[in-house]
Structures are given as structure tokens and as C-alpha cells.
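The values are calculated or read from the model by the stated rules, or taken from the named source; none is laboratory data. Here the structure is a predicted model, which is why all the values come from computation and not from measurement. Methodologically, a virtual Cβ is constructed for each residue, glycine included, from the backbone with ideal geometry; neighbour enumeration extends over all protein chains shown. Surface areas here come from the heavy atoms of the whole protein model, side chains and all, with no ligands, DNA or RNA. Shrake-Rupley method; radii C 1.70, N 1.55, O 1.52, S 1.80 Å.
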Amino acid sequence: MGLTIAQKIIKAHMLSGDLTVGSEVALKIDQTLTQDATGTMAYLEFETMGLKRVKTERSVAYIDHNTLQSGFENADDHRYIQSVCKKHGIYFSRPGNGICHQVHLERFGKPGKTLIGSDSHTPTGGGIGMLAMGAGGLDVAVAMGGGAYYITMPKMYKVNLIGKLNPFVTAKDISLEILRILSVKGGVGAIIEWGGEGVKYLSVPERATITNMGTELGATTSIFPSDEITKEFLKAQGREEDYIPISSDADAEYDKIIDIDLSELKPLIACPHSPDNIVTVESLKGTKVDQVCIGSCTNSSLFDMLKVAALLKGKTIDPSVSLSISPGSKQVLSMLADCGALSDILASGARVLECACGPCIGMGFSPNSAGVSLRTFNRNFIGRSGTADASVYLVSPETAVAAAITGEITDPRLLGDEPIVKMPETFKIDDSAVIEPATEEEAENLEILRGPNIKPFPKSLPQEDSLSADLVLKVGDNITTDHIMPAGAKILPYRSNIPHLSQFCFGVCDTAFPERAKALGKSIIVGGSNYGQGSSREHAALVPMYLGVRAVITKSFARIHIANLINAGIMPLTFKNAEDYDKLSQGDKLVLLDVFEGMNKGEITLKNETSGEDFTLLCSFTERQKAILKAGGLLAYTKEGK
Ligand code: MIC
Ligand code: SF4
């Protein structure tokens, strides 16, 4: 049987396991990336492992999330990460150099290689045929130390692109269309390969928009073939030698095949508060808009920015709209400056922000009260923008410009002729903002610089054979990591201070949760389906662990979050009968019986002492995962010398 693109890369990197769907596969990881909001914790974990140098082919630390430096905390974190990088063999991308995924695609990603990153949008690298996956910080730390990365062998989905996009219909609309078809749960347990004749009309930045937003489907990753278009892109980045062709075999088999006829697509928009809440832009025409934000790792390439500049040229934005533009990298910004496009953007009345995540993670530019914000980003979860009652819509850069000019949601096809933007033959290459690590010899005497906000990693406890704990919080379906551990300008600076961070845990759902959990000492959370979707932030597991949460029982989990829970020593369990969810209430006294035997059987009995009822819960832990839970988390397990 032939192989898919992902199966080929997995096979070439497999340390143990096989290609059977659902089995555990250990992968050799070639490259890692971190960003600062998850990086400090990942490097603290790396340090705990006591290794001198990273063992990967290339590891890069980016500073892109937490760049406001509104207090000493961010600056201290950056200095800490920079000093760890210098000492341990990691490349350090300075603040201002750009968003990790954009810069990694431009300068470091390679077709056919494996990449894991402590950020859920790491699959952006699939745009050049990499097997790129988001992971928790601890998994990235282990991979930097040369350890394997474990995945559950995913199913293979294929999306066949037929025909060609019409003017003003973009790669972002393809991403929104697949979200409409599959929903935010539809990619869980799958890798999505993009193929069909339509692929040859998509440039690398367009492909990267699609693989980036594949994260919102819950997919393990998304991937495009590496072809002549990939080669041209790498050549223009001065990296032709990194090119290798990769495609799937003609007889490769897929678990699902979806056809999308590009010529039939229209400009689409994701409505509040979920990326899969899709309608046509046309259907919302006339809705008043207060704010428009263009940028983020989804839509901040030179390709996107040149189109935006061309559409804004000679126009002034509507007086009632505030427009922000954050180019994805220093390369993008300086090329916009060199060709004059930046002046066109500025002349329109736009505010040009730093090359960083910025408004996407609520770091500034929060909308006004009950404001309507159109964003080219990938997530519109409630509260993420920093304004609790804002309505955030996700759109293409073209639709964003149309709203900025008219002050209301407007079909971009009404803007006139579509600007034709070509990829440059050569990009401007200047890697001076990437600081190289010291040699092993020089590194010996280098000191790690720590600030007072960097608190030690919290201690987790081994799982017990019989767990008696109260049901501390019951939540519904599609709970995101932004619900569990919110970000934003007020909270993000404390990512390396778990005790402080814990005050904000589940703040969106129930502000009394942290105090209640602390008072109980040991507790259990109950959730609906797709619990933990969204970000890779391991803080969404570490903070509940710090607050005493010992198990989370749901209808289903998102991939990265379930791994983070196990790494933190928290037991993820699912209901055998989904209806049992309705039979549990907050405050119930629960007991998990014969946990260790149950782990082996794959079924654990839950006794609800309050109602007197018994339920069956499911688990499917591998031997390694059972050992991690019994040890009290991955760090404790690694320290035991496993
Ligand atoms: C996000 O988009 O939610 C983030 C911020 O990039 C996160 C990482 C984080 O929480 O630090 C992600 O996507 O993994
Ligand atoms: Fe940054 Fe937003 Fe991309 Fe996350 S989704 S990496 S916050 S730009």
C-alpha cells in the first residue's frame, strides 16, 4: 500500500511503534521552537533535566507573545530565555524579529523534517511539507534533550482542491470553509493532507495560512506536498539547498476525502465566539464595525501585507474604525518599507504595531465595550481579545480592509479590481536579530540570568489507587485553554509564576474556582466534549494541578491538552456513557475506585457518594503514560531515570 505525505515522514522518524491508527508512535524530532509565553516554563523544565546542550538539529526560541514589557516580568523572562539559549545551544530570535511561525517558515523550516513547538500553531510549517506539531512545553523540553515525542498514530484525511479561487476569495476562506465542513472537533485524531490540482495555484504563504488554521480543527497537523512552489520559496529565501520534493503515493489510502471546489467559494466570516461559526461575508453586510486587526501567524506574510497595502493605497479608513496592522516578521516589515507599501498603509490611517502576536493574544488593542472587531486571526474565543463583551469575527485580509474602509462588514468583491501580488524572486535576508548560541567551550562559564518573577516548577503528586475528591467545577462543551488559563496583557507576564497565575484559572467561567479548589486540596473537574481545545499552553494543566485537581472527566479531550494533563500528573478520563455527564453536579463527593487496576483494564469505576450512583469511565493509557501518572507527572518520571 502506498503512503501519504505524513506517513512517509513519520516512517522516516519512527523510533518505535507502527503506522496502525490509534497506536502510540515515538518520533525523533529534528527541530523545536518555543515562544516566550510557554518558553520560560519549557526552559525551566529543560534545565531540570540537567543536560548541557540541545540534541536537535535546530532549536529556536522566539520572543513574540509577551513583548509589551509593561513591568519587569517580561524583560526578565526574555533575559532568562536569552541566557539559556546562549548556554545550551539554542538560537534566540529577539523581540521584534517576528512571530515564531512566520519567521520559522521563512528562515528555518525544512520539508521532510519533524518540528515540535510549544505553540499550537506550529503546524504552519506544514505549508512547506514539514511534519510540524504543537506540543506542551515539557514535551518540547524532552525533545530538545534528544528524547522522543509520542503521538497517537492519527487517521489520514485528504482535502482535494479542485479549480481555482475567484478574485477576492483567499486561502483564509479555504480555512474557514474546512472549519464549516468539519467543525472545531472535526480534525481531532487526524492529519490533514492538502492536495488536488488546486494546490498548484497556492503560494507558500497561502498554504501556510491553511496549515496554520488547521489547528482550529483540532487536527494533529496539516501538510502540503513539497513541490516546485516550495522550491521557489526556499530559493527566494536563499535556502534552495533545504528543498526536497515530497508527495503522497498515488495509491495512498485515506480515512476521509473531502473535495472543495475553489471556484465555488465565496468570502467567508467566522462569527463570535468560535472559529467554526461560519457564514458568508455577504450575509452580514452592513454590520457596523469598530475595530479591524490585520496580522497574526495566520495572515501576516509579505504576500498578505502587499495586498492590504495595495487595497488601502489612496484611501482613508472610516473615521469610526480603528485599524491595526502587525506584519509577521522583520523581513516582511522591512520589505514593505523598501517598496513604499508601508507608506500607503500609514497614509490610510492604520496603526502599525510591532511584528508580534499583539492583539491576537489580547496584548493591547482590546476592542471598546461591546465592540465589533474584525480580525484576520485564527481564534475568536470569548474574552480572548481582552474585552469580555466584544464580538470578534475572523476574516481574510481583503475582507478586513473592506470593513476598515467602509466602517461596516462589506463583501471585498465590491472593492474593484483585485490587486495582483507576486512572490518576490528574492526576499531580503537579514538574520542579525537571531543570536547564535555559544560554543560548548564558551558556554561552560556562562550564567543563567533569573528574575524574581520566575518561580520554581510546582510539585505534582503521584496518583493514588483510590481517589476521593469533590467535583469542584462542571463545565460544558468546547472549553478552550483560554477558558481554563486565560492570557492577555494583565495575566501573560505571570506565565513563569504559577502561584500568581492560579488566581485567574477558569476566570471566564467561575471566578470563585481557584479559592474553592485550594480549599478542597484535592478535586475533580467535569467537562463536556472537546475539552481543552485551542492553545498548547501547559499552564492549563499545571495551574489546575497546582490547585489540587487530580482528575478531569469529560465526554472527549483535545489532543495537546490531554498530553499536557498526563504530563502534569492529572488523570484524563472519559464517560463510557455520555449521558452520565448529566448525572453529576458541582459539589458531589466522588471516589475513583481501584485506579491502578482500572488503568490496566481501560475502565475505572466512579462512585458518586452524594447520589449513591456508580459510573464507568474510560481510559486508554499506554504503559509509559501509566508510569507517568503513577510517578506524579513527566518531570518526576524523567527524574526517576526513565
Ligand atoms: C494562542 O494562540 O493561544 C497562543 C498564545 O499562541 C498559545 C500559546 C500560549 O498560550 O502561550 C498556543 O496557541 O499554543
Ligand atoms: Fe501568536 Fe496569535 Fe499565532 Fe498564537 S495564534 S502564535 S498568539 S499570532
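Highest mean first, the peptides 515-523, 125-133, 388-396 sorted by other C-beta atoms within 10 Å per residue fall in the order 125-133, 388-396, 515-523. For the chain, the fraction of alpha-carbon pairs lying more than 37 Å apart is 31 percent, rounded to a whole number.
Of the solvent-accessible surface of the chain, computed with a 1.4 Å probe over protein heavy atoms with every protein chain present, carbon and sulfur atoms account for 50 percent.
When nucleic acids and ligands are ignored and a 1.4 Å probe is applied, S585 ends up with an accessible area of around 60 Å².
Segment 215-284 and segment 498-569 have Cα centres separated by 32 Å. Under the criterion of Cα pairs below 8 Å and six or more residues apart, the relative contact order for the chain equals 14 percent. Taken about its Cα centre, the chain carries a charge dipole of roughly 740 debye when the Cβ of each Lys and Arg holds +1 and the Cβ of each Asp and Glu holds -1.
Comparing L634, T622, I566 along the charge dipole axis of segment 547-642, the residue lying farthest to the positive side is L634, per the Cβ-charge model. For the listed peptides 540-549, 362-371, a ranking on the average number of other beta carbons within 10 Å per residue, highest first, reads 540-549, 362-371.
Among the listed pairs K256/K626; K200/K235; K235/K428; K28/K55, those whose Cα-Cα separation exceeds 20 Å are K256/K626. The residues of segment 354-448 expose, per residue, 43 Å² of accessible area to a 1.4 Å probe. The share of alpha-carbon pairs in segment 177-306 lying farther apart than 27 Å comes to 26%. Summed over the residues of segment 463-551 and divided among them, the accessible surface reaches 27 Å² per residue at a probe radius of 1.4 Å.
Ordering of 528-538, 162-172 by packing is 528-538, 162-172, highest average first (other Cβ atoms within 10 Å, averaged per residue).
Counting only protein heavy atoms and a 1.4 Å probe, segment 109-227 has 19 square angstrom of accessible area per residue.
Helical runs (DSSP H, four residues minimum) scored at -39500 (n - 2.57) apiece and divided by the length of the chain put the mean residue ellipticity at 222 nm at -8000 deg cm²/dmol. Quick one: work out the % antiparallel among DSSP beta bridges in the chain, nearest 5. In the chain, approximately 35 percent of DSSP beta bridges are antiparallel ones. In segment 260-396, one over the average inverse separation of all distinct C-alpha pairs is 15.3 Å, which is the Kirkwood hydrodynamic radius.
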